[in-house]
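The values are calculated or read from the model by the stated rules, or taken from the named source; none is laboratory data. The shown structure was predicted, so the numbers you read here are calculated from the model rather than taken from an experiment. All Cβ positions, even for glycine, are placed from backbone atoms using ideal geometry, and neighbour counts span all protein chains on display. Please note that ligands, DNA and RNA were not included when accessible areas were found on the heavy atoms of the full protein model with its side chains. Shrake-Rupley method; radii C 1.70, N 1.55, O 1.52, S 1.80 Å.
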Amino acid sequence: MGRALVAGNWKLNGSRTGNVALVRSIAAGLARDRTVEVVVCPPFVYLPDLAVTLDGTGIALGAQSVSAEASGAFTGEVSAGMLRDVGCRYAIVGHSERRALYGETDALVARKFAAAQSAGLQPILCVGETLAERNQGATEQVVRRQVEAVMNHVSVDDFATAVIAYEPVWAIGTGQTATPEQAQDVHAFIRGLVAARSGRIAAELRILYGGSVKGSNARALFRMPDIDGGLVGGASLDAADFLLICSAASGSC
Ligand code: 13P
């Protein structure tokens with residue numbers, strides 16, 4: 001297993017001055033000898049500014065989405081190569097908000113993953129079921145479909161630098177976190193899906209939990225054997241809470 005990873009997904013939040021204050025507070029509060037890798041994912045327009053602010057802090061930069069296309073007549077899109085060009089290391093693909101609100105299909109998510117990976121970005125592939133799907137007992141079926149759509153499009157070796165985030169839709173922004181046991185069950189299932197193609201890649205793969213992660217619940221989640229960190233929404237906008245989450249992940253892998 002690599003280092004534990006905590007990524008902050010800022011979603012549609014931030015401002016030039018507020019961003020600088022937030023990342024400076026996070027950088028100042030992180031321990032020097034870090035066993036946790038920390039990433040922030042601001043809106044696209046702030047990426048170049050933040051690349052400068054984060055220089056030398058050890059905090060990495062990620063995008064919240066990425067185009068499946070490399071260049072051309074695709075108005076409004078931002079390519080993986082452009083994200084690399086401005087200093088991104090990671091790109092979130094297939095966030096449930098993109099799937100639900102902007103119609104991103106499994107097939108499109110797979111193409112975005114491939115575009116990110118081949119441009120040298122590390123994709124953070126988000127998967128997770130809705131409450132209705134969980135109540136129908138369809139969690140594993142949904143997660144299998146979402147993970148296999150990508151694994152069937154790229155090679156399992158392309159997961160060597162990728163990250164998967166299990167984000168149950170019912171836990172996102174609701175304050176209702178999955179219990180550590182509920183999350184662990186799905187994380188183990190996801191690792192098994194990858195292990196069916198490559199035991200080596202599965203053993204190294206970082207699988208993050210996302211959905212109402214806070215300083216107060218992070219430690220119990222990160223203690224589970226297949227939870228290798230977190231993808232954090234709301235709490236990533238609060239430096240003190242985000243730092244608590246980072247310290248909970250420190251040394252948990
Ligand atoms: P919250 O932490 O606000 O529930 O959001 C989780 C999420 O969607 C991260 O990508």
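A compact table of results
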| quantity | calculated |
| --- | --- |
| Hey, Asp238 at pLDDT 95 or above and open to solvent by 50 Å² or more (accessible area, probe 1.4 Å) or not | yes |
| Contacts under 9 angstrom Cβ, first residue in the stretch 204-216 being touching a residue at least 24 places away in the same chain (Cβ under 8 Å), partner near the ligand (Cβ under 10 Å from one of its atoms) and hydroxyl-bearing (Ser, Thr, Tyr), 6 or more apart | Tyr209/Thr177; Gly211/Thr174; Gly211/Thr177; Ser212/Thr174; Ser212/Thr177; Val213/Thr177; Val213/Ser236; Lys214/Thr177 |
| Set Ser15, Ser79: member being under 16 Å from Leu121 (Cβ atoms) and either of a type in the set (Gly, Ala, Ser) or over 19 Å from the mean Cα position of the chain (by Cα) (or both) | Ser79 |
| Subset tally (residues that are away from the ligand (no atom under 16 Å from the Cβ), open to solvent by 10 Å² or more (accessible area, probe 1.4 Å) and within 16 Å of the chain's Cα centre (by Cα)) for the stretch 159-188 | 2 |
| The stretch 190-211, residues that are closer than 15 Å to Gln146 by Cβ, under 18 Å from the mean Cα position of the chain (by Cα) and open to solvent by 10 Å² or more (accessible area, probe 1.4 Å) | Arg191 |
| Residue check for Arg191: in a helix (DSSP H, G or I), away from the ligand (no atom under 14 Å from the Cβ) and without any contact (Cβ under 8 Å) to a residue 12 or more places away in the chain | no |
| Whichever residue in the stretch 138-150 is out of contact with any Asp or Glu (no Cβ under 7 Å at 6 or more places or on another chain) and under 17 Å from Ala188 (Cβ atoms) and, among such residues, is surrounded by the fewest Cβ atoms within 10 Å (Cβ to Cβ) | Gln141 |
| Which numbered condition Val45 misses (of (1) in contact with an Asp or Glu (Cβ under 7 Å, 6 or more places away or on another chain); (2) open to solvent by 40 Å² or more (accessible area, probe 1.4 Å); (3) under 30 Å from Thr174 (Cβ atoms)) | (1) |
| Flag if Leu54 is open to solvent by 20 Å² or more (accessible area, probe 1.4 Å), modelled with pLDDT of 95 or more and of a type in the set (A, V, I, L, M, F, W, C) | no |
| Count of the stretch 201-238 residues which are under 18 Å from Val23 (Cα atoms) and either acidic (Asp, Glu) or more than 15 Å from the ligand (Cβ to nearest atom) (or both) | 1 |
| Matching residues, the stretch 1-25, being surrounded by 14 or more Cβ atoms within 10 Å (Cβ to Cβ), at pLDDT 95 or above and more than 16 Å from the ligand (Cβ to nearest atom) | Ala4, Asn19, Val20, Val23, Arg24, Ser25 |
